[in-house]
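Have a look at the structure below, then the notes.
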Amino acid sequence: MDRFLVQGGRPLAGEVTVACAKNAVLPVLAASLLTRETLRVPRAPALVDVRTMLDVLGSLGAETRVEEDDSVSVRNAGEPGTRADWEYVRRMRGSVCVLGPLLARTGRAEVSLPGGCVFGVRPIDVHLKGFEALGASVRIEHGYVVAEAPRGGLRGAEVFLGTPFGSSVTGTMNVMMAATLARGRTVIQGAACEPEVEDLGRCLRSMGARIEGLGSPCLEIDGEEELSGAEHEVIPDRIEAGTFVLAGVLTGSRVRVVGCRPDHLAVLIDRLWQAGCPVEHGEDWIESQPCGLGHRPRPTDVTTQPYPGFPTDLQAQWMALMTLADGVSVITERIYPDRYMHLAELARMGARVRRQGATAIVQGVESLSSAPVTASDLRASAALVLAGLVARGETDVHRVYHIDRGYQRIESRLSALGAGIRRVAE
Ligand code: EPZ
């Protein structure tokens, strides 16, 4: 397993271009199951998770092709297989996105229940509730979800997909995809409004699906007999963009993050201004302003919420910033109350953070010190790298395969900005 050695205390400078959104490209690739024709995604991010999704689709019989510039094409000309193996789903929870399109296309889907992850149980009850509303029978057998459409196929229905923690991103995606081939109209209440859901909806529309309400909590889908192929340009990754902006802010540097959607990061821009860390932005870029290394942000509380609230996927990275604030800040996780694996690792670097259930109380310190730390999940890993950029000494981040799942060659892109980071194969 590879490690990153991160030399702290170096200012950054320059521009970094954002890749396409991991959490949009995965469901878009799964949508290829809804048509016999080719679905092409130009310049897909070169991520482990994208390769895993292509492996899942390949195991179902799809022809997949990755071009020189990482553009990806998928074609399910024949009748796809109906079973997505545990081998793949355990590697990537996002594989669960094949459930809805597979059920709609073939009338049957057997997909391994996704495992939990380091930040708690990850149920899929509203996914299954949505399929049952569309007329499917759903049961759990030997660790697999087995969903079967009624004779004559799925039929449109009205269903509420909210959970005790708000809307469900992949739950909305799965049921929206299934509804595109159901007979009649489906109304999804309590739908997720994340940009990734909206982007998937736009891709489905370009495949011939009739969907209204994209970006709102109420989606209306009128089913079609079949969908056609398409070419879909996926939106920029707002979490990757936010991570790079925070790298610039943490090091007090001028870093311009280009090819992003500042409107998808309004809450981060607002919180950074509240924290006394001004960022400028234009139509497709955000730029951290040079405040010099050692600049301490004002303590600023965040609570993670469904979009457009503060994204849970930036919580760990925000905590890395608040460990250096000149006061006490409070971080509350309303999406994944246990998403605090990074606390202990940041504490090893001198951070003073106390957890009270879903809340973390961060007492800012003057500086962090380097330490050997262990990455636990994709976003916690990013937070440890960010902390390493400003810690005194060289931080040794272990198990960086987590970070490779969601950030394309992050070490070479940070090095290009002047960071002292290098990958060491273990
Ligand atoms: C998606 O996960 C993202 N993953 C996650 O990003 C992201 O953190 C999450 O949405 C929230 O924004 C992908 O898109 C592949 P949810 P998802 O269903 O869809 C509860 C990353 O780092 N819930 O929106 O699995 C659930 O426990 C990853 O890129 C139910 O109770 O999340 C959670 O508390 C991590 N029942 C909340 O809802 C369900 O049936 C939101 O979960 C489904 C979810």
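The values are calculated or read from the model by the stated rules, or taken from the named source; none is laboratory data. This one's a predicted model, so the numbers in the text were calculated from it and none came from an experiment. Because the Cβ atoms are built from the backbone with ideal geometry, glycine has one as well, and the counts that use them run over all protein chains shown.
Below are the figures for this structure:
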quantity: Residue count for the stretch 1-20, restricted to those that are within 14 Å of the ligand (Cβ to nearest atom) and closer than 30 Å to Leu368 by Cβ; calculated: 1
quantity: Given (1) more than 16 Å from the ligand (Cβ to nearest atom); (2) surrounded by 24 or more Cβ atoms within 10 Å (Cβ to Cβ), number of the condition Ser367 does not satisfy; calculated: (2)
quantity: Arg10 under 30 Å from Leu389 (Cα atoms) and out of contact with any His (no Cβ under 8 Å at 6 or more places or on another chain); calculated: yes
quantity: Elements of type helices (runs of 4 or more DSSP H) contained in the stretch 329-417, each with 3 or more residues being under 22 Å from Gly120 (Cα atoms) and modelled with pLDDT under 95; calculated: 378-390, 401-404
quantity: Filtered residues of the stretch 120-160 (kept if assigned to a loop (DSSP other than H, G, I, E, B), in contact with a helix residue (DSSP H, G or I) (Cβ under 9 Å, 6 or more places away or on another chain) and within 8 Å of the ligand (Cβ to nearest atom)); calculated: Arg122, Ile124
quantity: Options Ala358, Ala391, Ala375, Ala382: the member that is of a type outside the set (S, T, N, Q), touching an Asp or Glu at 6+ places or on another chain (Cβ under 7 Å) and either crowded, with 16+ Cβ neighbours inside 10 Å or assigned by TED's automatic domain parsing to the domain that holds Arg405 (or both); calculated: Ala358
quantity: Residue satisfying all of: in the stretch 87-136; aliphatic (A, V, I, L, M) and surrounded by fewer than 17 Cβ atoms within 10 Å (Cβ to Cβ); modelled with the lowest pLDDT among these; calculated: Val118
quantity: Candidate set: the stretch 82-92, residues that are touching a residue at least 40 places away in the same chain (Cβ under 8 Å) and in contact with a Ser or Thr (Cβ under 6 Å, 6 or more places away or on another chain); chosen: the one farthest from Leu154 (Cα to Cα); calculated: Met92
quantity: Filter result for the condition that a residue is within 25 Å of Arg183 (Cβ to Cβ) and acidic (Asp, Glu), over Glu141, Glu148; calculated: Glu148
quantity: Number of positions in the stretch 183-204 that are away from the ligand (no atom under 12 Å from the Cβ) and farther than 17 Å from Val126 by Cβ; calculated: 8
quantity: Condition broken by Met349, with the remaining ones in (1) buried (at least 20 other Cβ atoms within 10 Å of the Cβ); (2) within 25 Å of the chain's Cα centre (by Cα) satisfied; calculated: (2)
quantity: Single residue of Glu224, Glu220 found to be in a strand (DSSP E or B), more than 16 Å from the ligand (Cβ to nearest atom) and assigned by TED's automatic domain parsing to the domain that holds Ser112; calculated: Glu220
quantity: Subset of the stretch 275-328 (residues that are among the acidic types (Asp, Glu) and part of a loop (DSSP other than H, G, I, E, B)); calculated: Glu283, Asp284, Asp301, Asp326
quantity: Residue in the stretch 247-265 that is small (Gly, Ala, Ser), in contact with a Ser or Thr (Cβ under 6 Å, 6 or more places away or on another chain), under 30 Å from Gly153 (Cα atoms) and surrounded by 20 or more Cβ atoms within 10 Å (Cβ to Cβ) present; calculated: no
quantity: Test result for Thr163, away from the ligand (no atom under 13 Å from the Cβ), of a type in the set (Ser, Thr, Tyr) and modelled with pLDDT of 95 or more; calculated: no
quantity: Filter pass, Arg151 being surrounded by 23 or more Cβ atoms within 10 Å (Cβ to Cβ) and among the basic types (Lys, Arg); calculated: no
quantity: Condition broken by Ser95, with the remaining ones in (1) in contact with a Ser or Thr (Cβ under 8 Å, 6 or more places away or on another chain); (2) of a type in the set (Gly, Ala, Ser); (3) without any contact (Cβ under 8 Å) to a residue 24 or more places away in the chain satisfied; calculated: (3)
quantity: Given (1) within 16 Å of the ligand (Cβ to nearest atom); (2) under 20 Å from the mean Cα position of the chain (by Cα); (3) closer than 22 Å to Leu181 by Cα, index of the condition Ser32 fails; calculated: (1)
quantity: Options Arg83, Arg43: the member that is among the basic types (Lys, Arg), more than 20 Å from Leu99 (Cα to Cα) and not assigned by TED's automatic domain parsing to the domain that holds Thr251; calculated: Arg43
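Residue by residue, here is whether (1) out of contact with any Phe, Trp or Tyr (no Cβ under 9 Å at 6 or more places or on another chain); (2) on the phi > 0 side of the Ramachandran plot; (3) not small (Gly, Ala, Ser) holds:
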position	(1), (2), (3)
Ala19	no, no, no
Lys22	no, no, yes
Ser32	yes, no, no
Arg40	yes, no, yes
Ala44	yes, no, no
Val48	no, no, yes
Met53	no, no, yes
Gly58	yes, no, no
Ala62	yes, no, no
